[in-house]
Amino acid sequence: MTETIRRAERVRASELLGRGWLNTGGKDVSLEDLRGKIVILDFWTFCCINCLHVLDELRPLEQRFSDVLVTVGVHSPKFEHEADPDALAAAVERYEIAHPVLDDPNLITWQAYSARAWPTLVVIDPQGYIAANLAGEGHVAGLTSLVEELVAEHEAKGTLHRGDGPYVPPEPVSRTLRFPGKAVPVTRALGGSDASHGHFLVSDTGHHRIVELDADLQTVVRSWGGGEEQQKGHHDGDPDSARFNEPQGLTVLPAELAQQVGYDIVVADTVNHRLRGINAETGVVTTLAGNGVQRLLDAERARTGAVESGSLGTDPLNVSLSSPWDVLWSKALGLVVIAMAGTHQIFTFDPVTGELSIFAGTGLEGLLDGSAETAWFAQTSGLTEDAAGDIWIADSETSSLRVIRTGTANGAEGAETGGAAAAPAVETLIGEGLFDFGFRDGAPEQARLQHPLGVTALPDGSVLMADTYNGAIRRYRGEHLAADGTTVAASVSTVARGLKEPSDVLLDADGTNLLVVETNAHELVRIAVPKEYLTVDEGATQSQRPATAVAPGEFSLAIGFSAPSGQKLDDRWGDPTQLKVSSSPENLLLEGSGNSEGLSRTLQLNPEVTEGVLHITARAAACDGAPGEEIPMHAACHLYQQDWGIPITLEAGAQSELTLDLRGVR
């Protein structure tokens with residue numbers, strides 16, 4: 001398999017330059033310090049769910065080859081907030097990263113290695129030469145083979161040095177909560193907890209447990225998972241023996257339903273790729289859905305353009321999920337709604353039948369409105385339901401507020417009155433795209449957020465957002481009638497700012513204060529609702545990456561791809577590759593935008609536009625089988641996909657072609 005990823009030419013690796021280092025005991029690390037080791041450079045950014053998946057994929061590899069392999073995380077920020085050194089240090093602690101991390105806020109090392117996508121992996125051999133360059137996730141099998149090959153080769157040459165690497169673990173810190181993620185109020189009696197006590201259920205994400213907090217927001221009444229050493233993993237059982245892995249969202253089922261199904265609380269067990277249930281009376285934790293294997297986009301459906309939607313069956317323990325980030329009991333739908341961040345979709349789960357279904361989203365990453373089954377999302381991270389039964393979504397990677405109009409205007413009760421319900425449809429209220437963000441209030445079409453993770457609907461019809469990377473709580477209010485009968489236009493305002501990565505917000509039990517999950521402060525805080533909201537305008541911006549100078553006019557775009565060993569391109573129904581191209585601004589492309597088969601395209605770049613971004617998505621489908629042989633009927637098929645946002649400047653005499661690499665390694 002390694003012949004598909006190893007470079008034929010010998011190219012010297014560039015020096016590792018940036019603002020500083022983490023997890024090295026305060027020491028800088030050079031390539032000379034790493035000579036004799038196999039090095040994996042992991043170009044990542046902490047907002048990116050694919051990057052978080054790669055962190056977990058690499059852990060077994062790091063453990064197996066601990067004496068010869070050094071992983072270096074090169075943090076190359078997408079969002080402005082991610083360039084904050086304190087925010088990066090918190091992320092390194094939160095995700096329990098056990099290797100050196102280079103802080104590269106100005107993308108110096110990113111540019112030196114020609115990285116263009118998050119995540120990107122670069123393998124350097126013990127003599128300091130680049131052995132492979134890979135984009136995306138899912139490469140651990142190919143990397144394992146490559147590391148084995150490099151170990152054998154350089155041990156025979158005497159150029160492999162065994163021993164410890166430069167990683168220095170940080171000193172542990174004791175806290176009541178550690179990077180809490182989500183919270184819900186205890187709205188009914190839960191196995192001894194009375195709703196009148198004002199308690200809250202909290203995902204204590206960094207401690208890998210669920211806790212019930214007293215009204216003082218400090219006292220832990222009881223907990224599930226974690227154990228004395230805050231262990232993570234997957235295990236069902238009583239509160240002490242149960243194990244979670246970075247749980248996030250949670251929701252409380254109605255009492256009658258809970259009695260029927262045998263559990264009260266549903267938890268999004270994010271890194272375990274599962275849904276878990278908690279019986280509040282017995283304390284027993286059970287697995288409700290997910291087989292623990294990360295769900296990948298179905299290759300054949302994506303290749304042919306068919307949309308995977310509807311039921312996934314009623315055997316939920318044999319269905320793969322991908323980083324469920326939030327869960328919500330929908331009164332209107334009578335189902336648990338799931339923000340499936342890893343596949344950029346919205347799922348539903350029926351506690352009675354066990355049926356899992358895809359409710360919205362194709363699985364392709366981006367911002368595209370329309371029918372629920374054709375819409376695109378990007379790392380769905382927060383959910384709430386309004387009085388009309390519509391589902392509001394914090395779509396973090398597009399820095400947007402989205403809503404699914406469910407067509408159940410009067411809730412579940414209204415469905416009994418007859419008449420055809422409208423088909424669910426997706427609408428964007430705030431947000432522009434994957435690389436657009438900012439901090440701006442005012443008209444929704446002009447407003448900007450920065451990687452929001454939480455959202456809650458208020459009784460007055462407005463919606464609050466935990467605008468995470470802006471450290472703020474924001475409010476959206478649609479068009480409405482004022483007390484004097486005049487129509488007030490929709491608007492966005494700021495309720496509070498100066499918070500440390502707020503990831504959730506909800507109305508406190510008294511109905512007059514807000515409760516905020518302030519993740520990087522490791523606590524829940526109460527905030528009084530101000531009499532007047534702030535109007536902030538700190539501008540709109542885009543992710544800043546080094547621009548490529550290109551010539552206006554005719555421009556050639558090509559994507560390189562070769563199927564891994566043991567696979568062949570799936571050409572049973574025509575060309576198994578596909579290319580989607582668009583631009584910001586739209587008039588940057590005079591010709592060549594849209595979808596088509598094949599991995600090459602001739603574009604016409606507008607000479608009247610001086611700069612912009614080319615948005616490129618390439619896909620290829622391959623199935624298990626040997627070249628020249630027919631693909632077996634039940635062969636496993638795989639989709640390889642990568643998204644790029646390439647900033648460009650148009651300059652006469654500059655290059656008139658661009659080649660990107662979509663590597664096909666499992």
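The values are calculated or read from the model by the stated rules, or taken from the named source; none is laboratory data. Treat the numbers as computed from the prediction; the structure is a model and nothing was measured. Virtual Cβ from ideal backbone geometry, glycine too; neighbours counted across all protein chains shown.
For the reader, a short list of remarks on this structure follows.
- In the range 577-623, the residues that are crowded, with 18+ Cβ neighbours inside 10 Å, modelled with pLDDT under 85 and more than 18 Å from Glu554 (Cα to Cα): Thr617, Ala618, Arg619, Ala620, Ala621, Ala622, Cys623
- Pairing residues of the range 102-128 that are within 25 Å of Asp67 (Cα to Cα) with residues that are in a strand (DSSP E or B) and among the acidic types (Asp, Glu), at Cβ distances under 7 Å and at least 6 apart in sequence or on separate chains, gives Pro119/Asp42; Leu121/Asp42.
- For Pro444: the one exception among (1) in a loop (DSSP other than H, G, I, E, B); (2) surrounded by 23 or more Cβ atoms within 10 Å (Cβ to Cβ); (3) modelled with pLDDT of 95 or more; (4) not hydroxyl-bearing (Ser, Thr, Tyr): (2)
- For the range 18-66, residues that are in contact with a His (Cβ under 9 Å, 6 or more places away or on another chain) and not aliphatic (A, V, I, L, M) total 13.
- Only listed residue being over 19 Å from Phe46 (Cβ atoms) and either buried (at least 18 other Cβ atoms within 10 Å of the Cβ) or of a type in the set (A, V, I, L, M, F, W, C) (or both), chosen from Ala98, Ala87, Ala156: Ala156
- Annotation: of all residues in the range 508-544 being of a type in the set (A, V, I, L, M) and either in contact with a Ser or Thr (Cβ under 7 Å, 6 or more places away or on another chain) or in a loop (DSSP other than H, G, I, E, B) (or both), the one that is surrounded by the fewest Cβ atoms within 10 Å (Cβ to Cβ) is Leu534.
- Selected residue (criterion: modelled with the highest pLDDT) from residues of the range 366-406 that are of a type in the set (Asp, Glu) and closer than 27 Å to Phe79 by Cα: Asp395
- If only residues of the range 57-84 that are within 26 Å of Arg178 (Cβ to Cβ) and basic (Lys, Arg) are counted, the one that is surrounded by the most Cβ atoms within 10 Å (Cβ to Cβ) is Lys78.
- In the range 101-132, the qualifying residues are those that are charged (D, E, K, R) and at pLDDT 95 or above, and the one that is surrounded by the fewest Cβ atoms within 10 Å (Cβ to Cβ) is Asp103.
- Within the range 590-612, none of the residues are among the β-branched types (Val, Ile, Thr) and within 18 Å of Leu662 (Cβ to Cβ).
Residue by residue, here is whether (1) among the small types (Gly, Ala, Ser); (2) assigned by TED's automatic domain parsing to the domain that holds Leu146; (3) under 26 Å from Lys500 (Cβ atoms); (4) in contact with a helix residue (DSSP H, G or I) (Cβ under 6 Å, 6 or more places away or on another chain) holds:
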site: Trp21; (1), (2), (3), (4): no, yes, yes, no
site: Lys27; (1), (2), (3), (4): no, yes, no, no
site: Arg35; (1), (2), (3), (4): no, yes, no, no
site: Leu41; (1), (2), (3), (4): no, yes, no, no
site: Ser66; (1), (2), (3), (4): yes, yes, no, no
site: Val72; (1), (2), (3), (4): no, yes, no, no
site: His81; (1), (2), (3), (4): no, yes, yes, yes
site: Asp84; (1), (2), (3), (4): no, yes, yes, no
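- Among the residues listed as Gly136, Gly181, the single one being farther than 24 Å from Ser30 by Cα, buried (at least 16 other Cβ atoms within 10 Å of the Cβ) and in the same structural domain as Glu93 (by TED's automatic domain parsing): Gly136
- Single residue of the range 452-462 satisfying the filter (aliphatic (A, V, I, L, M) and buried (at least 24 other Cβ atoms within 10 Å of the Cβ)) that is farthest from Phe46 (Cα to Cα): Val455
- Selection status of Arg116, in contact with a Gly (Cβ under 7 Å, 6 or more places away or on another chain) and either under 30 Å from Ile559 (Cβ atoms) or among the aromatic types (Phe, Trp, Tyr) (or both): no
- Residue match in the range 550-568 (condition: part of a strand (DSSP E or B), of a type outside the set (D, E, K, R), touching a Cys at 6+ places or on another chain (Cβ under 8 Å) and over 24 Å from Ile430 (Cα atoms)): yes
- Of all residues assigned to the range 176-188, at least one qualifies as being more than 29 Å from the chain's Cα centre (by Cα) and closer than 18 Å to Pro254 by Cα.
- Residue that is surrounded by the most Cβ atoms within 10 Å (Cβ to Cβ), among those in the range 476-507 that are closer than 24 Å to Cys47 by Cα and hydrophobic (A, V, I, L, M, F, W, C): Val505
- Selection of the range 482-507 for residues being in a strand (DSSP E or B) and either touching a residue at least 12 places away in the same chain (Cβ under 8 Å) or closer than 27 Å to Glu397 by Cβ (or both) yields Ser491, Val492, Ser493, Thr494, Val495, Ala496, Pro502, Ser503, Asp504, Val505, Leu506, Leu507.
- If you go through the range 324-371 and keep only what is under 30 Å from Thr617 (Cα atoms) and of a type in the set (Val, Ile, Thr), you end up with Val327, Val337, Ile338, Thr343, Ile346, Thr348, Ile358, Thr362.
- Subset of the range 235-258 [among the small types (Gly, Ala, Ser), surrounded by 15 or more Cβ atoms within 10 Å (Cβ to Cβ) and not in a helix (DSSP H, G or I)]: Ala242, Gly249
- Considering Leu296, Leu312, Leu335, Leu321, the condition of being of a type in the set (A, V, I, L, M), at pLDDT below 95 and either within 25 Å of Ser396 (Cα to Cα) or buried (at least 24 other Cβ atoms within 10 Å of the Cβ) (or both) is satisfied by Leu296 alone.
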